[in-house]
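One structure is given here, and the rest of the page talks about it.
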Amino acid sequence: MPCDGAGKEVVPEAIKVLRAAGADFEFEQFDVNADAYLRTGVAIPDDVWKQLAAADAILFGAVGDPRVQDPNYLAGVLLRLRFELDLYVNLRPAKLYDDRLSPLRREDRRRTDLLIMRENTEGLYVGMGGRFKKGTEEEIATQEDVNTHLGVTRIIEHAFKTAKREVVMVDKSNAMVFAGGLWQECWKAVAAANPKVKTRHLLVDAAAMQLVKDPSQFDVIVTGNLFGDILSDLTAELVGGMGIAPSANINPSSGRGLFEPVHGTAPDIAGKGMVNPVGAILSAAMMVKHLGVPDMADAIEGAVESAIRARECTRDIGGDLSTSQAGDAIVKRLKD
Ligand code: NAI
Ligand code: MG
């Protein structure tokens, strides 16, 4: 699903790299995009939905278009897939492949190899709430932060299963006492059941500060939907920016997954052959790892790292290649 804007440019590069890495998957392309939405008013047609819901994995570009102001479009594509396929784990790794991509002055603290694990099906994104007395000075707008015992427990459990060194649980339990209270209780219960995994708690503001001060301290950060969304833009910037940040949306029980670069459709630069395909390519690597081919994932990641270090990459990370030339530079390393 390339969808819109930059997504249409980066997904073909990811497929090119998958082919070069030897993936013998069948790909089926679905033209879910703003043109179709503007024409039909339907975000995902029913017959397409059935096929998407049955797919082993979905490789996704980005959704959004300056011509579509209606929030039902984004909700009807990406949020629907996350919610209805119950893709409750959002993995957003941040790894520094080349020292010069770090914005931090202190060389001894640049090393970054962390994973934001964001709860992906609850929180402030469920769309509960409303606007009362709309358009008047007395207007009230509410947006409800929905947290369930099951939802919080399962994401924290997955963090403890995934962590190599430590799980840092991030919330805002000092000010948001109801949701934060539930997160605290679930975290303590899961931690007690996993005594071998080191763990600590940070409030989200302190976590933002620590991520800039010394990202090398972190392994897995588990947090809610909104905080994970925000912190993962920050961590992307610690390692080279939106162009290279990958993500996976998975359900570890059903095995379903949707894999997408963190970035959006980049309307400011889309269509000019300048967007960085690395975020999509690393997302494809996460996809093959999820599908049970970790060696292929490692080979793709190695090729990406080597191309970046050689500056065979797009402008945003210090090269001068076009989108497709940057994809070719990675393909070349896979074939060498
Ligand atoms: P954005 O991620 O599209 O762009 C933010 C900045 O990062 C821009 O300066 C852009 O040029 C740059 N950038 C993004 N991708 C890049 C790439 N591959 N290579 C180099 N630079 C890149 O976010 P923005 O501008 O807030 O949103 C644009 C549209 O995308 C909106 O319609 C928004 O709703 C949608 N969006 C969709 C997402 C998704 O499908 N998962 C995620 C975020 C935004
Ligand atoms: Mg975001």
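Report whether or not residue 240 is within 12 Å of ligand 1 (Cβ to nearest atom), outside any helix (DSSP H, G or I) and in contact (Cβ under 8 Å) with a residue 40 or more places away in the chain.
yes
Residues being within 16 Å of ligand 2 (Cβ to nearest atom) and in contact with a Lys or Arg (Cβ under 7 Å, 6 or more places away or on another chain): count how many of those fall in the range 267-288.
Qualifying residue count for the region: 0.
I'm trying to understand the selection: among the residues of the range 41-79, which are crowded, with 18+ Cβ neighbours inside 10 Å, within 15 Å of ligand 2 (Cβ to nearest atom) and part of a loop (DSSP other than H, G, I, E, B)?
60, 61, 63, 64
Go through (1) open to solvent by 10 Å² or more (accessible area, probe 1.4 Å); (2) within 18 Å of residue 324 (Cα to Cα); (3) within 16 Å of ligand 2 (Cβ to nearest atom) and name the single condition residue 261 misses.
The one condition residue 261 does not meet is (1).
Any residue in the range 222-236 that's near ligand 2 (Cβ under 9 Å from one of its atoms): show its pairings with residues that are open to solvent by 10 Å² or more (accessible area, probe 1.4 Å) and among the aromatic types (Phe, Trp, Tyr) at Cβ separation under 9 Å, as long as the two are six or more apart or on different chains.
Filtered contacts from the range 222-236: 229/125.
Among all residue pairs at least 6 apart or on different chains, which show Cβ distances below 8 Å where the first residue, located in the range 129-147, is under 25 Å from residue 177 (Cα atoms) and outside the structural domain of residue 178 (by TED's automatic domain parsing) and the second is open to solvent by 80 Å² or more (accessible area, probe 1.4 Å) and at pLDDT below 95?
As it stands, the answer is none, since no pair meets every condition given.
For the range 307-326, how many residues are within 18 Å of residue 263 (Cα to Cα) and of a type in the set (Lys, Arg)?
Adding up the residues that qualify gives 1.
Any chance the range 117-130 includes a residue that's of a type in the set (Val, Ile, Thr), at pLDDT 95 or above and over 15 Å from residue 90 (Cβ atoms)?
no
Pull out all pairs, ordered by first then second residue, where Cβ-Cβ is under 6 Å, the residues are six or more apart or on different chains, the first lies in the range 173-184 and is closer than 15 Å to residue 151 by Cα, and the second is of a type in the set (A, V, I, L, M).
Final answer for the pair search is 182/152; 183/152.
Applying the selection to the range 190-231, what residues are within 18 Å of residue 112 (Cα to Cα), part of a helix (DSSP H, G or I) and open to solvent by less than 10 Å² (accessible area, probe 1.4 Å)?
Scanning the range 190-231 gives 207, 211, 215, 228, 231.
So which of 35, 24 is in the same structural domain as residue 334 (by TED's automatic domain parsing) and over 30 Å from residue 302 (Cβ atoms)?
35
Sort out which residues of the range 264-287 are more than 10 Å from ligand 1 (Cβ to nearest atom), open to solvent by 20 Å² or more (accessible area, probe 1.4 Å) and within 23 Å of residue 98 (Cα to Cα), and write them in order of number.
Of everything in the range 264-287, just one residue is more than 10 Å from ligand 1 (Cβ to nearest atom), open to solvent by 20 Å² or more (accessible area, probe 1.4 Å) and within 23 Å of residue 98 (Cα to Cα), namely 286.
From 212, 222, 152, 146, grab the single residue that is in contact with a Phe, Trp or Tyr (Cβ under 6 Å, 6 or more places away or on another chain), among the β-branched types (Val, Ile, Thr) and within 24 Å of residue 247 (Cα to Cα). Talk me through it step by step, then tell me what you get.
Details: 212 fails: in contact with a Phe, Trp or Tyr (Cβ under 6 Å, 6 or more places away or on another chain); 222 fails: in contact with a Phe, Trp or Tyr (Cβ under 6 Å, 6 or more places away or on another chain); 146 fails: in contact with a Phe, Trp or Tyr (Cβ under 6 Å, 6 or more places away or on another chain).
Residue meeting the stated conditions: 152.
Scan the range 289-322 residue by residue and report those that are among the β-branched types (Val, Ile, Thr) and in contact with a Lys or Arg (Cβ under 9 Å, 6 or more places away or on another chain).
Listed by number, the residues that qualify are 304, 317.
Only one of these conditions is not met by residue 60: (1) away from ligand 1 (no atom under 16 Å from the Cβ); (2) within 22 Å of residue 86 (Cα to Cα); (3) under 23 Å from the mean Cα position of the chain (by Cα). Which number is it?
It is condition (1) that residue 60 fails.
The values are calculated or read from the model by the stated rules, or taken from the named source; none is laboratory data. These numbers were taken from a predicted model, which means no experiment stands behind them. Methodologically, a virtual Cβ is constructed for each residue, glycine included, from the backbone with ideal geometry; neighbour enumeration extends over all protein chains shown. Please note that ligands, DNA and RNA were not included when accessible areas were found on the heavy atoms of the full protein model with its side chains. Shrake-Rupley method; radii C 1.70, N 1.55, O 1.52, S 1.80 Å.
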